[in-house]
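The values are calculated or read from the model by the stated rules, or taken from the named source; none is laboratory data. No experiment lies behind these values; they were computed from the predicted model shown. Counting neighbours? That spans all protein chains shown, and the Cβs are built from the backbone with ideal geometry, glycine included. When the accessible area is computed, the model is the full protein with side chains, heavy atoms only, and any ligands, DNA or RNA have been set aside. Shrake-Rupley method; radii C 1.70, N 1.55, O 1.52, S 1.80 Å.
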Amino acid sequence: MRKFLQFALNRVVITAILVLLQVAFFLIALLRLGNYYVWVSLMLRFITFWAVIYIIWKPNNPAVKLAWVVPILIFPLFGGMLYLCYGHVIVPKKLRDSMERTDRLVRKSLVQDDKVLKAIKREDEGVANQCRYIRSFAATPVWDNTDSAYFSDGRPWWESLLADLEKAEHFIFLEFFIIKEGKMWNSILDILERKAKEGVEVRLIYDDIGCAFLLPKYYDRIVEKKGIKCVAFNRLVPFLSLVLNNRDHRKIVVIDGKTAYTGGINLSDEYINYERPYGDHWKDAGIRIEGKAVWNFTVMFLQMWNMSRYTEEDYERYYRGFEKVPNTGGYVQPYMDTPFDDETLGENVYLNMIGHAKRYIWIYTPYLVTDNEMITALKLAAKRGVDVRIVTPGVPDKKFVYWLTQSNYQNLIEAGVRVYQYKPGFIHAKCVLSDDETAAVGTINFDYRSFYHHFECGAFLYRAQVVEELRRDMENTFAACEEISLSWCREKFVKSNIVGPLLKLLSPLM
């Protein structure tokens, strides 16, 4: 039954069914409606016209608008249903009111120390502007006195997390897109259950759609019986556009308000290479931070919790104060992005880094399904002499998305961008590194879903230890990759120049 539901709720399957219904409708209309067909057709075209006007009127990216207008015009009846399912954000009033209340609590709890911003500005005004932008639109301040560590693989990240969970005394917060029963999750759950019995407050948020085919039904009730408070975010309910598209893609762990983790790593065995579904190795990345910047992640988690439970819990009681940590000399700014505003903050953080780069900008991403602004920024950076490199998977997890990613290679390479495919298998890391000074590590892919539809999070780092560690990892990763050439693109002509452009018409659905 689970496999059937997974198949039935797949975006590609739903899209195919709606297209078949479209064709069936017009065949029936021709055979049954006779003279009325003209009037039915005119009515549908009228509805389609207004749907297109609505999309054009919205303050969205033009590439996203075009990607929706084309299928709606081709399929005037069910094209609109596709948009309702995947493109149009419906926020129930109760949820919107809850979001507004939690946002006020966030801005009250997270206060920027102006001395920190001034110190950054003295070193690099462009970086200070980036921090100020994040502060203004994500409400999250930048901090000094924060220690950071980078993990180039899921296994050491997991081992470090287990050790920190064992030390928890007050509270543990976890928020993940994917949780799957197995070696990784079971080892964590054992600690959480034991800690809950010891009196530690344990809370868990998981995305209900992300875990729909990986966990038993109503898993939150099972977990709550173990003494762990739990929220299944985006539970499968009739609000299709909200449930199917706007997912909690974040990965956050907060322990006692003093230690936090984030990155691309979910709680499933492939992330620690205990299972190998896509090639010989699953490469990922994550970070651990300790010190003042953990407060951002604490508040970010509590905001999502309050928004999901429709509560107004005070954040301040989870503020523990911060002892001085062995600071690595840099600055850390954890941030979040939401699909319910008009600010594509996750994409803009990347665009600012690309535009500010002087010597190099190196990127890890599992998917390269993005808009013209991002492609243009990457090309322009390469054309002005910046060393632009992008690492994508050598083994795909989703074939159509893989082909769509590859369809961008030739355009980028011709502009001077260097593209690599990770030969050992699948790379799931989401990292950007620039000029040995700035980095972004988090959950945000270079695709429409992360930029426009998901709840996301990350950390912007300036002259922190993570920057140096990420550079070493990227240099080692390039050596394990195949660099893509123009001749390679020409050999893949059908996928790159025929299949890819066709898939771009449906890129927001990928």
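Output yes when any residue across segment 141-159 is open to solvent by 50 Å² or more (accessible area, probe 1.4 Å), assigned to a helix (DSSP H, G or I), within 27 Å of residue 104 (Cβ to Cβ) and without any contact (Cβ under 8 Å) to a residue 12 or more places away in the chain, and no when none is. No, segment 141-159 has no match at all.
Of all residue pairs spaced 6 or more apart or on separate chains, those with beta-carbon atoms under 8 Å, a first member in segment 476-501 that is under 18 Å from residue 390 (Cβ atoms) and a second member that is modelled with pLDDT under 80 are 489/496.
Being under 25 Å from the mean Cα position of the chain (by Cα) and either modelled with pLDDT under 70 or hydroxyl-bearing (Ser, Thr, Tyr) (or both) is true for just one of 127, 40, 69, 91. Which residue is that? It would help to see each step written out before you state the result.
Working: 127 fails: either modelled with pLDDT under 70 or hydroxyl-bearing (Ser, Thr, Tyr) (or both); 40 fails: under 25 Å from the mean Cα position of the chain (by Cα); 69 fails: either modelled with pLDDT under 70 or hydroxyl-bearing (Ser, Thr, Tyr) (or both).
The unique qualifying residue is 91.
Screening 332, 386, 349, 369 for residues that are open to solvent by less than 20 Å² (accessible area, probe 1.4 Å), at negative phi and free of Cβ contacts under 8 Å to residues at least 40 places away in the same chain leaves exactly one candidate, 386.
Residues in segment 256-294 that are over 16 Å from residue 426 (Cα atoms), open to solvent by less than 10 Å² (accessible area, probe 1.4 Å) and more than 17 Å from the chain's Cα centre (by Cα): 257, 260, 289, 291, 293, 294.
Listed by position, the helices (runs of 4 or more DSSP H) enclosed by segment 358-470 that each have at least 2 residues that are at pLDDT below 95 and over 21 Å from the mean Cα position of the chain (by Cα) are 409-414. Residues satisfying the criterion are present in segment 166-176 (criterion: open to solvent by less than 40 Å² (accessible area, probe 1.4 Å), in a strand (DSSP E or B) and charged (D, E, K, R)).
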